[in-house]
Amino acid sequence: MTRNILLSMTTLSCLALAAAVPGAHAQTADASAFLATVHKHHLLTSTVPDNGDQNPYALVVAPVTSGSVQKNDVLVNNFNNNKNLQGTGSTIMDYRPSTGQTTVFAEIPHNQPGCPGGIGLSTAMVMLKSGWVIVGSAPSTDGTTKTLGAGCLLVLNSEGGVADTITSPEIDDPWGNMALIDNGDTATLFMSDVGFGIGAAGQAVQYKANVLRLALAIPSGKPPQVTSQTVIGSGFGAQADAGVFLIGPTGLTLGKTGELYVSDAIGNRVVEIPNAATRTDSANTGILVTKDGLLKRPLAMDMTPNGHLLVANGLNGQVVEIDPSSHTQLGAQWADADEAQTPPGSGDLFGIVMKPNGKGFYYVEDDVNTLVQAQ
């Protein structure tokens, strides 16, 4: 069912207040950096559907027109339900830049067969050129990791209907935003899983999170099928947390020469896994790109046209730019300077994705459940 979503005056007021904070959109000092070209942050839409789901996580720009989705639409999913319980969100929203309209793309039943533990849509989501949407579930039944299920990958058709589920022993709470190589009738998917051994909030860090590569065959008119899977990264830290549910490797972005960059939230660093598409073994936690400095629990990540990395911080409202070739942090820009959090914007940023024209990016502010454009 398709429904229009309207912004509330409360949401508009919160965003206006955040934007009014001095220095909220201050530019990086490095004039050669991508962030130096970004001058405006514009609220686009609420991400709350009629069922009240909250806490937007994943962002995907549609690569094709298929079904109810048009090319360049922005898909956004929700991790929380209308009671704000984490790991219980079941909706994917579709924002259409050409019209400014926001609709519900998918509302997935919580008792989905084949997905252990139920439905809680994580930041793991992609749309294939064939029109299929793949989204991860890291579910809970009570909003805490005490009832954490192993989850799954859900395969949706381009009308938002569930066509299949993907599970395996190596898939345990798909968490990080996915990276993708898409050849049309085949694809290679990169994802992170953080649930292995995770218990209740406050327990010790578990160094069992992985980075998993899935090879997909995509028969004409049929859902993608996994033809092989390989753990290419392992030993990453993950931990249950009362405030943010899970902390673990989150951002996955492919480089220009075959490497996969991973933001390691527990290690407060970005690492590189070489030869990600072809390697046959695990690179363990990879090669260090950069650590600490401007990074404050790095989460979602994407690559700019000039080969730099943009990383959303979890512990403040800044987006950090990194030159991975020189292992240099070039600077940061405030995307969310909401002083209701300490530091400003802490816990508000999650999803981030480049605009198709390469001039700016989209991101979500999950404290006020909105999609924002930076350009």
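Taken over region 287-322, the criterion of being in contact (Cβ under 8 Å) with a residue 60 or more places away in the chain and touching a His at 6+ places or on another chain (Cβ under 6 Å) is satisfied by Glu321 alone.
Take the conditions (1) in contact (Cβ under 8 Å) with a residue 40 or more places away in the chain; (2) of a type outside the set (Lys, Arg); (3) under 19 Å from Val194 (Cβ atoms); (4) in contact with a strand residue (DSSP E or B) (Cβ under 9 Å, 6 or more places away or on another chain); Val162 misses just one of them, which is (3). Whenever a residue of region 361-373 is farther than 14 Å from Gly317 by Cβ and assigned to a loop (DSSP other than H, G, I, E, B), its partners that are β-branched (Val, Ile, Thr) and modelled with pLDDT of 95 or more, lying with C-beta atoms within less than 6 angstrom and at least six residues away or across chains, give the pairs Asn369/Thr47; Asn369/Val48. Remark: pairs (first residue in region 54-74, assigned to a loop (DSSP other than H, G, I, E, B); second residue at pLDDT below 95; Cβ separation under 9 Å; 6+ apart in sequence or on different chains) = Ser68/Thr2. Is region 76-92 home to any residue that is assigned to a loop (DSSP other than H, G, I, E, B), hydroxyl-bearing (Ser, Thr, Tyr) and touching a Gly at 6+ places or on another chain (Cβ under 7 Å)? Yes: region 76-92 contains one or more residues that are assigned to a loop (DSSP other than H, G, I, E, B), hydroxyl-bearing (Ser, Thr, Tyr) and touching a Gly at 6+ places or on another chain (Cβ under 7 Å).
Considering only region 296-326, state which residues are part of a loop (DSSP other than H, G, I, E, B), within 25 Å of Asp193 (Cβ to Cβ) and over 17 Å from the mean Cα position of the chain (by Cα). Hit for region 296-326 is Pro324, nothing else. Looking at Thr103, Thr88, just one residue is over 19 Å from Trp175 (Cα atoms) and either β-branched (Val, Ile, Thr) or more than 17 Å from the chain's Cα centre (by Cα) (or both), and that residue is Thr103. If you check Asn177, Asn111 for being without any contact (Cβ under 8 Å) to a residue 24 or more places away in the chain and either more than 20 Å from Ser66 (Cα to Cα) or in contact with an Asp or Glu (Cβ under 6 Å, 6 or more places away or on another chain) (or both), only one passes: Asn111.
On the basis of being part of a loop (DSSP other than H, G, I, E, B) and out of contact with any Leu (no Cβ under 8 Å at 6 or more places or on another chain), does Ala209 make the cut? Taking the combined requirement at face value, the residue does not satisfy it. Does Thr257 qualify as being in a loop (DSSP other than H, G, I, E, B), free of Cβ contacts under 8 Å to residues at least 24 places away in the same chain, out of contact with any strand residue (DSSP E or B) (no Cβ under 8 Å at 6 or more places or on another chain) and within 25 Å of Val155 (Cα to Cα)? Considered against the rule, which asks whether it is in a loop (DSSP other than H, G, I, E, B), free of Cβ contacts under 8 Å to residues at least 24 places away in the same chain, out of contact with any strand residue (DSSP E or B) (no Cβ under 8 Å at 6 or more places or on another chain) and within 25 Å of Val155 (Cα to Cα), Thr257 comes out as no. Checking Val133, Val126, Val162 one by one, the residue that is under 28 Å from Pro274 (Cα atoms) and surrounded by fewer than 24 Cβ atoms within 10 Å (Cβ to Cβ) is Val126 and no other. From the list Pro116, Pro139, the lone residue that is under 30 Å from Ser228 (Cβ atoms) and touching a His at 6+ places or on another chain (Cβ under 9 Å) is Pro139. A search for C-beta distances below 6 Å between a residue of region 340-353 that is under 22 Å from Leu59 (Cα atoms) and in contact (Cβ under 8 Å) with a residue 24 or more places away in the chain and any residue that is among the charged types (D, E, K, R) and in a strand (DSSP E or B), counting only pairs 6+ apart in sequence or on different chains, returns Asp348/Glu365; Ile352/Asp302; Val353/Asp302.
Do the conditions hold for Gly255, that is, is it under 21 Å from Met127 (Cα atoms), surrounded by 21 or more Cβ atoms within 10 Å (Cβ to Cβ) and modelled with pLDDT of 95 or more? Here the answer is no, as Gly255 does not meet what is asked. None of Gly197, Gly184, Gly221 is closer than 19 Å to Val155 by Cβ, outside any strand (DSSP E or B) and free of Cβ contacts under 8 Å to residues at least 12 places away in the same chain except Gly221. In region 324-375, of all residues being surrounded by 19 or more Cβ atoms within 10 Å (Cβ to Cβ) and hydroxyl-bearing (Ser, Thr, Tyr), the one that is farthest from Leu310 (Cα to Cα) corresponds to Thr370. Among the residues of region 267-277, is any assigned to a strand (DSSP E or B) and closer than 27 Å to Lys146 by Cα? No, that holds for no residue. Selection of region 255-281 for residues being under 14 Å from the mean Cα position of the chain (by Cα) and among the hydrophobic types (A, V, I, L, M, F, W, C) yields Val262, Ala265.
The values are calculated or read from the model by the stated rules, or taken from the named source; none is laboratory data. What you see is a predicted model; the values in this text were computed from it and never measured. Note: ideal-geometry Cβ built from the backbone for every residue, glycine included; neighbour counts use all protein chains shown.
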